[in-house]
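Only one structure is covered here, and it is reproduced in the block below.
The values are calculated or read from the model by the stated rules, or taken from the named source; none is laboratory data. Everything numeric in this text was worked out from a predicted model, so none of it was measured. All Cβ positions, even for glycine, are placed from backbone atoms using ideal geometry, and neighbour counts span all protein chains on display. Keep in mind that these areas ignore ligands, DNA and RNA; they rest on the heavy atoms of the full protein, side chains included. Shrake-Rupley method; radii C 1.70, N 1.55, O 1.52, S 1.80 Å.
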Amino acid sequence: MKALEVKNLTVKIAGKVIIENVSFDVVEGEILGIVGPNGGGKTSLIRAILGFLDYTGEVRIFGFTPSEAKKKGLTGYLPQKSLYDPDFPVKVRDLVAFGMMKSWFGKLPSNWKEKVRSYLSMVNMEKWENYPFGKLSGGQQQRVSIARVLAGEPKIVFLDEPNTGIDVVAQEDFYQLLMKINKELGVTIVMVSHDIGVISSYIHKTACLNRVLHYHGEPVCITDPELLRRVYGSGADMILIHDENCENCGSVNVKGEERK
Amino acid sequence: MIEVLALPFMQKAILAGSVLALITGILSVFIVLKKLSFIGVGISHTAFGGVALGILLGTNPYLTAMAFALIGAFWIGGIGRKGSLHADVSIGILFATAMALGVIFLGFSHNYNVDVMGYLFGNILVLTSGDVFASIIIGVVSLIFIALFFKRMFFAAFDEELADVNGIPTAFLYYLFLTIVSFTVVISIKMVGIILVSALLVIPGAIAFLITYDYKLMVLLSIIFSIMGIYLGLLFSFFLNLPSGATIVVTLTTLFLVFFLIQPKRRRIT
């Protein structure tokens, strides 16, 4: 089943075209990485899909409009935000419980504390249950935010630059956590990142966006110099960091030179 | 002391003041967390235009104040949500305009027996039974709505977009909040006055914010400080023969300064 269908999506902000005629879809259970340069429209794409920006075209989430999908509790969202107000009076436990609240009415389930603990243990944050959320580090806040998103039991989760404010070691853990959630809970993930090297190891498909969609498919685009030139411009030089997941991956620049 | 409490005007003041403390205690938490401290100023000063229109037309000034307060609240809210201008800009334009209209309306009015100072600075010791009854009705209705959406309102105060993605009706909650603030401002006019009501909508929540990381405890503390401010202010006002509204505000500010100097929250993490 298609978890997300985007057809001919165009977004204009103050008369300027930010995203032009973009179409793609995501099958249920997939992890899609949306990559592209800063200012290429990645965040606007997510925000349009979630109904925060006006657009022309069509968006369907599990066959529903964004508004219907949100009302049905199908969506989860982790915005691009490095840190929240450190003094905001909300503890980790309460924030995760917020994630369980849907629609207009309805109380939390009677076993909400146990449920919160189980989600926190999934992200290895159960010891921080009574800690103020704003006092956590960036990586810890991201983990708790994932627990909050999961507490809503969404079918599709949108993550906007989820590695913002996290150090390199924590980033690796974070992506492993996302893969675990995808495999164990079957949650479809749409993730925005400017770091195409890192996320390519963790995603099933890539969408390369710079106003228009330059590529959508298997995550191989990072080794294609011509594609890099189109997405990032001719001045860019990509240095790829290799890891155990790399296959036929080279250090490339967009002038077409490829170095092994 | 007991004799003071037996006085009918004091009983009315305590009853209506308690209702006001309860609502403003809760509202001020949301106002502080949503960084809307000037919304009370904006709405209350807008209500002044309504009071003046009511005086000019010879109708109940509180009804016209309510209409003006609601228009003002939705103006501020609408502009703030659209994002084209910051809320403080719309508040700055609105409250000066409404005050100007109020002065013009009073200029046209030939009713020279109106106590304008009473509307501006209030006097909780001259409430009628009708004022107390109106406060209770508005207070109960407001509390029912707040109780229905309490946790959802907090989620939206933390991050409105996250709440929206969960299907929570954030726009409705925002305008509901503004409506409750408007009603509260109007019932406060006679008690503490248009100029001073905004203090009740900010200071109790600000004190509680300095103390706790727990949002439920913050609400409880805010209500307690609101009640303390009104009760102590009333007593000081009575025994020292000071204006009641101003004494309540100064009492609350003193409490705020004490906790600001102690900074209890910064001294610990949990």
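Per-residue mean of other chain beta-carbon atoms within 10 angstrom of the beta-carbon, peptide B:148-160?
If you average over the peptide's residues, the count of other-chain Cβ atoms is 4.
Just report the Cα centroid separation between the range B:7-58 and the range A:108-122, whole Å.
40
Can you tell me which of B:137-145, A:18-26 comes out highest on packing, and rank the rest after it, using the mean Cβ neighbours within 10 Å?
Ranked by mean Cβ neighbours within 10 Å, highest first: A:18-26, B:137-145.
So what's the gap between the Cα centers of the range B:153-198 and the range B:224-248, to the nearest angstrom?
26
Hey, can you find the accessible area per residue of chain B for me, probe 1.4 Å, expressed in square angstrom?
42
Just how many % of Cα pairs in the range A:86-153 lie over 19 Å apart, if you round to the nearest whole percent?
Counting pairs separated by more than 19 Å, the tail of P(r) holds 24 percent.
Not counting ligands, DNA or RNA, and with a 1.4 Å probe, what is A:T65's accessible surface area in Å² rounded to the nearest 10?
For A:T65, the solvent-accessible surface is approximately 40 Å².
Please state the charge dipole magnitude for the range A:86-153, taken about the Cα centre, from unit charges on C-beta atoms (+1 on K and R, -1 on D and E), reported in debye and rounded to the nearest 20.
Around 60 debye, computed over the range A:86-153.
Could you check the simple spin-label distance between A:S23 and B:V116, using points 7 Å along Cα→Cβ, in nm with one decimal?
That separation, rounded to one decimal, is 6.7 nm.
For an R0 of 56 angstrom, estimate the FRET efficiency from the Cβ-Cβ distance between B:I2 and B:K82 and round to the nearest 0.05.
0.55
Mind checking which lysines have their Cα closer than 17 Å to the Cα of A:K16? Skip sequence neighbours fewer than 8 apart in that chain.
Here the lysines satisfying the reach criterion relative to A:K16 are A:K42.
What value does chain B have for Rg/Rh, both radii from Cα atoms and Rh as Kirkwood defines it?
With Rg and the Kirkwood Rh in hand, the quotient comes to 0.97.
Suppose accessible area is computed on protein heavy atoms with a 1.4 Å probe; arrange B:M99, B:M10 from highest to lowest.
B:M99, B:M10
Nearest 100 Å² is fine: how much accessible area is buried between B and A, summed over both sides, with a 1.4 Å probe?
What B and A bury together is about 3200 Å².
Ignoring ligands, DNA and RNA, what percent of the accessible area of chain B is carbon or sulfur (1.4 Å)?
C and S fraction of accessible area: 75 percent.
Can you compute the charge dipole magnitude of the range A:27-87 about its Cα centre, using +1 on each Lys and Arg Cβ and -1 on each Asp and Glu Cβ, nothing else charged? Give it in debye, rounded to the nearest 20.
80
Pairs on different chains or at least eight residues apart, Cα atoms closer than 23 Å: how many lysine pairs in the range A:86-153 fit?
14
So if we plug the beta-carbon distance of B:L220 and A:S110 into 1/(1 + (r/R0)^6) with R0 = 22 Å, what FRET efficiency do we get, rounded to 0.05?
The pair B:L220/A:S110 has a calculated efficiency of 0.45.
What are the extents of the Cα atoms of the range A:37-122 along their three principal axes, in Å, largest first?
Each principal axis gives a Cα extent; for the range A:37-122 these are 42, 31, 23 Å.
Got a number for the accessible area of B:L220? Probe 1.4 Å, square angstrom, nearest 10.
Rounded to the nearest 10, that gives 100 Å².
Could you tell me whether the range B:1-126 comes out rounded, prolate or oblate from its Cα gyration tensor? Rule is a ≥ b ≥ c as square roots of the eigenvalues, rounded for a/c under 1.5, then prolate if a/b exceeds b/c, otherwise oblate.
oblate
How many nm is it between the label spots at B:L15 and B:S129, if each spot is 7 Å from the Cα in line with the beta carbon?
0.9
To one decimal place, what Kirkwood hydrodynamic radius in Å is obtained for the range B:60-134 from all pairs of distinct Cα atoms?
14.6
For labels at B:L257 and A:E153 in the simple 7 Å Cα→Cβ model, what's the distance in nm?
5.4
At 1.4 Å probe size, with the rest of the protein present, what percent of the exposed accessible area of the range A:86-153 is carbon and sulfur atoms?
49
Can you find, among A:S200, A:G63, B:L201, the residue farthest towards the positive end of the dipole of the protein assembly as shown? Put +1 on the C-beta of Lys and Arg, -1 on that of Asp and Glu.
B:L201
Picking from B:W75, B:A47, B:L85, whose Cα lies most toward the positive end of the charge dipole for the range B:8-140 (charges on Cβ: Lys, Arg +1; Asp, Glu -1)?
The Cα lying farthest towards the positive end belongs to B:L85.
Can you give the charge dipole size of the protein assembly as shown about its Cα centre, rounded to the nearest 20 debye, using +1 on the beta carbon of Lys and Arg and -1 on the beta carbon of Asp and Glu?
860
Just to be sure I follow: if Rg is taken over the C-alpha atoms of the protein assembly as shown and Rh is the Kirkwood radius over the same atoms, what is Rg/Rh?
1.07
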